[in-house]
Amino acid sequence: MQAAAHHLSVADGEAFLSTSRMLFGPITQRFARGSAESIPKLVSVNLGPCRLSEIRAKSHLVVNDRAYWRSFDPDAIKILVQLNGRSRFEQQSIAVDLNPRSTIIYDPVRAYTLQNLSGVNQLILQVPRSTFTDDTLARLAAPLPLPGEDDSLTHIVSGLMQMAIGEARRLDEIGCRRVGESLIQLVNGLIRGKPQPVEARRAPLEALRERIVAYIDANLARSNLSTDEIARHMGCSRRYLHRAFEGEGMTLERFVWDRRLERSREALLASADVSISEIAFACGFNSSAHFSRAFKAKYEVAPRELRDTVLGKLH
């Protein structure tokens, strides 16, 4: 990553992929082999509560697969402005074609793919999830394409993002924060201004539950994940937190426990290349012995025995 102003970072060449994963979560980016040489470039600026990035790259595929337990970006909503090039965004069985001056808002808590069909120049704004109400987040159950730049609010948001990235080196820390706070308000207005699909209208507790599950999934590797911490992150009381799980027939603590075991079972059956100890620690267990006992108590079979039996049949 090249040196730049303290709030600005620039990455190109080999640093592009690693910096992209650092900023956007462990996404997978695949560039076509044998295509014309072109060095991808990523410029990113810290706007206080937000982060704004510009990507210039040849055609490539971006995959964020929620089914893969480490591939997750739960803390930010993303706004993508297509400055140049053609792309195709897919999420929740909905496909959106992106042409120059197209804008889309999406929630990366759900698996998605972004197929950049040509060389592209894109702006990506990451806005903290905590700055949106549950009702606003409920409107992002599916990707939200915005009107073209003939829509005044879309035009203002796109213009402010382009100004911020273009003037990033001249902005001081206070200026960056003010731009970020303005973008938060504008993006909230964009989302609330769109009609809410009937299937996306959910009760606040249902929306809260989805956020809780997303946070748990993103933090399963931490053995000290607690109800108190989850409540603080959600900005609600423990009592309200538990209300979101009343219909599950289990406590939140039990849900976390079962989630660890379910994720470990998926990892066991996905590949024989990862050791049982690595899976245990990655799913938040303090020891492989503790994990094996808990796993056998739930599934009535030891982890190694399950893996050997199932994967053995596939070979």
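Brief remarks follow.
- Protection-proxy order for peptides 278-287, 243-252, each taking the mean of Cβ atoms within 10 Å per residue, highest first: 278-287, 243-252
- Between GLY148, LEU17, SER44, the Cα set farthest toward the positive side of the dipole of the chain (charges on each charged residue's Cβ, about the Cα centre) is that of LEU17.
- Take 50-57, 98-105 and order them by the average number of nearby Cβ atoms within 10 Å per residue, most first; the result is 50-57, 98-105.
- Residue by residue, segment 8-25 carries 3J(HN,Hα) couplings of 10, 10, 10, 9, 9, x, 5, 6, 4, 5, 5, 5, 4, 5, 5, 7, 10, x Hz when phi is fed to the Karplus relation 6.51 cos²θ - 1.76 cosθ + 1.60 (θ = phi - 60°); x denotes Gly or Pro.
- Amide proton proximity set for ALA76, modelled H, under 5 Å, gap of 5+: ARG129
- Under-30-angstrom lysine pairs by C-alpha in the chain, whenever the two are 8 or more apart or on separate chains: 6
- Taken about its Cα centre, the chain carries a charge dipole of about 300 debye when Lys and Arg each add +1 at the Cβ and Asp and Glu each add -1 at the Cβ.
- In order along segment 283-288, the Karplus-derived 3J(HN,Hα) couplings, from 6.51 cos²θ - 1.76 cosθ + 1.60 at θ = phi - 60°, round to 9, x, 8, 7, 8, 5 Hz, and Gly and Pro are given as x.
- MRE, 222 nm, helices only [DSSP H, n ≥ 4, -39500 (n - 2.57), over the chain, to nearest 500]: -12500 deg cm²/dmol
- Estimated FRET transfer efficiency when R0 is 30 angstrom, pair SER277-ASP172 (beta carbons, to 0.05): 0.05
Each reported figure results from applying straightforward, stated rules to the coordinates on display, with no laboratory input. Here the structure is a predicted model, which is why all the values come from computation and not from measurement. We place every Cβ from the backbone using ideal geometry, glycine too, and count neighbours over all the protein chains shown.
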